[in-house]
Amino acid sequence: MGDDEPMDAVLSFLSSPAGIACIALLVVVIVGIGIGVARSSKKSMPTITPATPATPVTAAPTTPADEVPADAPDARGSPSPIDEAALCAPTSDPVVDGGQDQLATPVEETVEAPELSVEVPESLPSRMARLRSRLSRSGTLGKAIVSLLSRGELKAADWEEVEDTLLVADLGLEATDTLIEALKNRVAVEGVHDTDSIKRFLSEELLALVDPAMDRSLHLDRQGDTGELPASILMVGVNGTGKTTTVGKLARVLVAEGKSVLLGAADTFRAAAGEQLGTWGERVGVEVVASDREGADPASVAFDALKAGADKNIDVVLVDTAGRLQTKSTLMDELGKVKRVMEKQAPVNEVLLVLDATTGQNGMKQAEVFAEVVGVTGIVLTKLDGSAKGGIVVSVQKALGVPVKFVGLGEGADDLAPFDPQGFVDAIVNG
């Protein structure tokens, strides 16, 4: 048999009726297999459903991505391939018919970003006790005077030293003369120089100067014929006294007393002021009315805040204003306008002047000008340490004839409390 005989036999068979039947059968089988594979592939592809974007949450990886080998094994010990089907899977849960198991489709978990929690302000009795304790840690003023007066027979030079100590403490010239005269009389009449007696003299005379009879309460009666309008507090002061921070802290004081509060961001010249006040509002859970335009009319913002307070049945509206130098007459006139516009709705209950206790006698000049323009009803002293500059409590009250109503002794959110004359004097004298 030649070399071409097998091929001739095959061709002869394929051209025969039996061979043609075999070829047809083979084609049918191949086509059937192809259709089955195509159907199986189409069935396994999931439907892509647009998902609502989830709140992005950043998780810190335990190992930097660029340090993970490309063929790193997964939990089962084999390389981790990219699951393209999972990337296309719908993020919503599949519908489950009754009695049937839920489809094992990968579902993206949506994690909500944590909301800023509302803080619970410290109660007034608690914060007053804490501030009194902080105040008493440094009784420099009291210790210095008690040491001088306990020397025995006092000479003119000793009294001059006492006078210098009081003046450095910002007690003021008039108050210093009054206090020294009273102490001279007490020492001469009672003839004692022991430490306990001197402390008693100093405490009683200082308390008389601080004047515990002054009304230091906030007058927050609602306004209007039927009390339908909120009480209002206008906060004023120069730049750098911590006025906006004090507004936020005072809001916490009022919330701690059970008042509903709304803040008005009428400091429209400092871009960060509105944001800063907004943060305080979020922390304590009170709303803030602010303008979305920098440089907006502050009087308009104050008016809108009072209107919003009335609409929402708020107890107290606190209006923050831009810090301004008392020497700038234009800015002071603008402050007067803010108050006049607020009073078109209802009288302003309180105008509180925020003073930095460390400014000393410069603070007196500031206070006098603000009092003339807006009629200050009370003082808030910040950065009061009760020792070196404690005398400003007396001097500012004498200069304005209005009381110190609140004091701040620290940077904490609850480091503001109503001024307590007896506690203040005790802390200074006894340390």
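The values are calculated or read from the model by the stated rules, or taken from the named source; none is laboratory data. In this text the structure is predicted, and so the values were computed from the model without any measurement. Note that we place each Cβ from the backbone using ideal geometry, even for glycine, and neighbour counts take in every protein chain shown. The protein model used for the area step is the full one, side chains on, heavy atoms only, and it has no ligands, DNA or RNA in it. Shrake-Rupley method; radii C 1.70, N 1.55, O 1.52, S 1.80 Å.
So is Leu183 at pLDDT below 90, open to solvent by less than 10 Å² (accessible area, probe 1.4 Å) and over 30 Å from Lys307 (Cβ atoms) or not?
For Leu183, the condition - at pLDDT below 90, open to solvent by less than 10 Å² (accessible area, probe 1.4 Å) and over 30 Å from Lys307 (Cβ atoms) - is not met.
What do you reckon, is Gly152 among the small types (Gly, Ala, Ser), exposed (fewer than 13 other Cβ atoms within 10 Å of the Cβ) and closer than 30 Å to Gln345 by Cα? Break it down stepwise before answering.
Working: among the small types (Gly, Ala, Ser): yes; exposed (fewer than 13 other Cβ atoms within 10 Å of the Cβ): yes; closer than 30 Å to Gln345 by Cα: no.
Taking the combined requirement at face value, the residue does not satisfy it.
Report, by residue number, each residue of region 409-431 that is among the small types (Gly, Ala, Ser) and closer than 13 Å to Val393 by Cβ.
Answer for region 409-431, where residues must be among the small types (Gly, Ala, Ser) and closer than 13 Å to Val393 by Cβ: Gly423, Ala427.
The rows are residues; the columns are (1) farther than 21 Å from Asp267 by Cα; (2) touching a residue at least 40 places away in the same chain (Cβ under 8 Å).
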| site | (1), (2) |
| --- | --- |
| Lys339 | no, yes |
| Leu355 | no, yes |
| Asn362 | yes, no |
| Thr382 | no, yes |
| Gly390 | yes, yes |
| Ser395 | yes, yes |
| Leu409 | yes, yes |
| Asp426 | yes, yes |
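Within region 341-353, does at least one residue satisfy the condition of being modelled with pLDDT of 90 or more, assigned by the TED database to the domain that holds Gly281, touching a Leu at 6+ places or on another chain (Cβ under 7 Å) and part of a helix (DSSP H, G or I)?
The answer is yes, given that some residue of region 341-353 is modelled with pLDDT of 90 or more, assigned by the TED database to the domain that holds Gly281, touching a Leu at 6+ places or on another chain (Cβ under 7 Å) and part of a helix (DSSP H, G or I).
Return the only residue of Glu294, Glu343, Glu334, Glu372 being in contact with a helix residue (DSSP H, G or I) (Cβ under 6 Å, 6 or more places away or on another chain) and without any contact (Cβ under 8 Å) to a residue 40 or more places away in the chain.
Glu294
Say whether the condition of being at pLDDT 85 or above, over 19 Å from Pro125 (Cα atoms) and within 28 Å of the chain's Cα centre (by Cα) is met by at least one residue in region 406-423.
no
Go through region 219-259 and give me each residue that's under 21 Å from the mean Cα position of the chain (by Cα) and surrounded by fewer than 17 Cβ atoms within 10 Å (Cβ to Cβ).
Residues satisfying the conditions are Asn239, Gly240, Glu257, Gly258.
Go through region 305-328 and give me each residue that's within 22 Å of Ala273 (Cα to Cα) and either outside the structural domain of Asp292 (by the TED database) or small (Gly, Ala, Ser) (or both).
Matches in region 305-328: Ala305, Ala308, Gly309, Ala322, Gly323.
Can you run down the residue pairs with Cβ atoms below 6 Å, 6 or more apart or on separate chains, where the first is in region 300-326 and at pLDDT below 95 and aliphatic (A, V, I, L, M) and the partner is crowded, with 24+ Cβ neighbours inside 10 Å and part of a loop (DSSP other than H, G, I, E, B)?
Between residues of region 300-326 that are at pLDDT below 95 and aliphatic (A, V, I, L, M) and residues that are crowded, with 24+ Cβ neighbours inside 10 Å and part of a loop (DSSP other than H, G, I, E, B), the close pairs are Ala322/Asp267.
Is there any pair linking a residue in region 193-208 that is in contact (Cβ under 8 Å) with a residue 24 or more places away in the chain to one that is among the polar types (S, T, N, Q), with Cβ under 6 Å and at least six apart or on different chains, and which?
His193/Ser150; Thr195/Ser150; Ile198/Ser150
Given the residues Val369, Val376, Val402, which is the only one that is open to solvent by 10 Å² or more (accessible area, probe 1.4 Å), out of contact with any Leu (no Cβ under 7 Å at 6 or more places or on another chain) and assigned to a loop (DSSP other than H, G, I, E, B)?
On the way: Val369 fails: assigned to a loop (DSSP other than H, G, I, E, B); Val376 fails: out of contact with any Leu (no Cβ under 7 Å at 6 or more places or on another chain).
Result of the check over Val369, Val376, Val402: Val402.
Going by what's in this entry, would Gly224 be described as of a type in the set (Gly, Ala, Ser) and outside the structural domain of Gly378 (by the TED database)?
Considered against the rule, which asks whether it is of a type in the set (Gly, Ala, Ser) and outside the structural domain of Gly378 (by the TED database), Gly224 comes out as yes.
Would you check if Phe303 is aromatic (Phe, Trp, Tyr), within 29 Å of Ala417 (Cβ to Cβ) and touching a helix residue (DSSP H, G or I) at 6+ places or on another chain (Cβ under 9 Å)?
no
Scan (1) farther than 24 Å from Ala129 by Cα; (2) modelled with pLDDT of 80 or more; (3) open to solvent by less than 30 Å² (accessible area, probe 1.4 Å) for the single condition Ala427 breaks and write down its number.
It fails just one condition, (1).
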